[in-house]
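Notes to accompany the following structure.
Values in this text are rule-based calculations from the coordinates and carry no lab data. Fair warning: this is a prediction, and the values are worked out from it, not measured in the lab. Cβ: placed from backbone, ideal geometry, glycine included. Neighbour counts: every protein chain shown.
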Amino acid sequence: MLDLFNLAGRTALVTGANTGLGQGIAIALAQAGADIVAAGRSPADETAAQVRALGRSFLDVRADLSTTAPVSDVVDAAVALNGRLDIVVNNAGIIRRADSLDVEEADWDAVIDTNLKSVFFLSQAAARHMAQHGGGKIVNIASLLSFQGGIRVPAYAASKSAVAGLTRALANEWAAQGINVNAIAPGYFDTNNTAALRADPVREPAILARIPAGRWGQPGDLAGAAVFLASRASDYVHGIVLPVDGGWLAR
Ligand code: NAP
């Protein structure tokens, strides 16, 4: 039974794997047996050391995903590691906080381009490879703001709501080619993304009080969901957005 979750011999591309949730996901996939290709704008040395300590290969590809320019090269580099690309985790993302009356166009574009446009075109480049090689797994990192509006983050909420729609749209088209497209919606996790919230004396306790599990998430809390959606265990799962949120949405 556990063999369904075994990723030995698979190559996984994770964007933004140098820190936070992407780092946790890369390590989880490596623990399940996958070789890891990290794509991001910062070196992923810490992740590399942890993945290699597990006996897995690790390739670090420099790519600024605020534009779609690098997506083809990223996929080509990932395929070159082992001659195959089985798993893509679209994790890299940014958030810009401002009252909606004050949001500037450059911030809107930066969030939408990184969180949505690059996710689509990297998925497209990967799926072109996967479709010719028996399929694959694409896992998008969505958000609670794929379901809710949030506060002072209109572009982020729009981008993550669109990621949920994109996940379903791509699942519909690519399921027949053996490509599973699904998403994880993390709740409130302890990463750089939420540093401002955790430092806010009003928002931090308000958020914590609403989480039934009674704590913020840690990157390792995504391990099970990530390995599930990257493995054969989810072969008949298409187009879902799986909350991993300590119960937030059930409240
Ligand atoms: P994080 O620590 O800020 O990590 C974000 C990652 O994305 C970093 O690796 C970052 O690289 C990378 N990135 C940002 N812009 C990039 C660009 N232009 N090109 C390449 N890489 C880029 O935050 P996180 O919480 O781990 O976020 C990971 C994902 O989870 C994001 O999509 C975020 O929206 C989502 N998420 C987070 C939470 C949460 O509570 N933390 C909740 C729901 C969803 P640098 O280190 O170089 O900036």
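Among the conditions (1) surrounded by fewer than 20 Cβ atoms within 10 Å (Cβ to Cβ); (2) within 11 Å of the ligand (Cβ to nearest atom), the only one that P219 does not satisfy is (1). Looking at G239, G214, G246, G224, just one residue is part of a helix (DSSP H, G or I), of a type outside the set (S, T, Y) and either more than 13 Å from the chain's Cα centre (by Cα) or near the ligand (Cβ under 10 Å from one of its atoms) (or both), and that residue is G224.
Kindly indicate whether T15 is closer than 17 Å to V139 by Cα, away from the ligand (no atom under 15 Å from the Cβ) and in contact with a strand residue (DSSP E or B) (Cβ under 9 Å, 6 or more places away or on another chain). Taking the combined requirement at face value, the residue does not satisfy it. I'm trying to understand the selection: among the residues of the range 173-201, which are in contact (Cβ under 8 Å) with a residue 24 or more places away in the chain and either more than 20 Å from A230 (Cβ to Cβ) or within 11 Å of the ligand (Cβ to nearest atom) (or both)? Within the range 173-201, A183, I184, A185, P186, G187, Y188, F189, D190, T191, N192, N193, A196 qualify. Are there any pairs with C-beta distances below 7 angstrom linking a residue in the range 238-251 that is over 10 Å from A185 (Cα atoms) to a residue that is among the basic types (K, R), with the two at least 6 apart or on different chains, and if so which? Qualifying pairs under 7 Å: G239/R168; G246/R215; W248/R210; R251/R210. In the range 78-97, of all residues being surrounded by 19 or more Cβ atoms within 10 Å (Cβ to Cβ) and within 14 Å of the ligand (Cβ to nearest atom), the one that is farthest from M130 (Cα to Cα) corresponds to I95. Taking the listed residues D45, D60, the one that is surrounded by fewer than 18 Cβ atoms within 10 Å (Cβ to Cβ) and within 13 Å of the ligand (Cβ to nearest atom) is D45, with no other qualifying. Kindly check whether there is at least one residue in the range 176-190 that is more than 17 Å from G22 (Cα to Cα) and under 13 Å from the mean Cα position of the chain (by Cα). Yes: the range 176-190 contains one or more residues that are more than 17 Å from G22 (Cα to Cα) and under 13 Å from the mean Cα position of the chain (by Cα).
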